[in-house]
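What follows is a single structure, written as structure tokens, with notes after it.
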Amino acid sequence: MRVYLQTPPLQPGGTRYYHLLIQPDLFAGWNVVRVYGLEGVRGTLLKEHFSSREAAEARLMKFRDAQLRRGYRLMYVEGDSQQRREPLDDHALLELHSA
């Protein structure tokens, strides 16, 4: 599973990106990989290990939802699980911002 988020291009300081993906490792586990930063500049890469794909997907969704609340826009999604959790819709995002 792969998710790419980006801030609107007209933000002061440039466009920021947040790339999330799930990768299997060599020992029957799963890694959530986060790459984020400013477009055109070297980004930060972080990996977090999980023993099950379901736990890795739950963590990826948590990171995705947190970035959506911060104003990032969902640009690209690849892959899917059988129990897909949809991103927050605009109405839900407005409720989070007003809370």
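Neighbours of PRO8 by Cβ distance under 11 Å: Lys/Arg scored +1, Asp/Glu scored -1, total +2. At full extension, LEU38 and ARG70 could sit 10.0 nm farther apart than now, given 0.36 nm per residue minus the alpha carbon distance.
Every number in this text was worked out from the coordinates using simple rules, so none of it is lab data. What you are looking at is a predicted structure, and each value in this text was computed from that prediction instead of being measured. We place every Cβ from the backbone using ideal geometry, glycine too, and count neighbours over all the protein chains shown.
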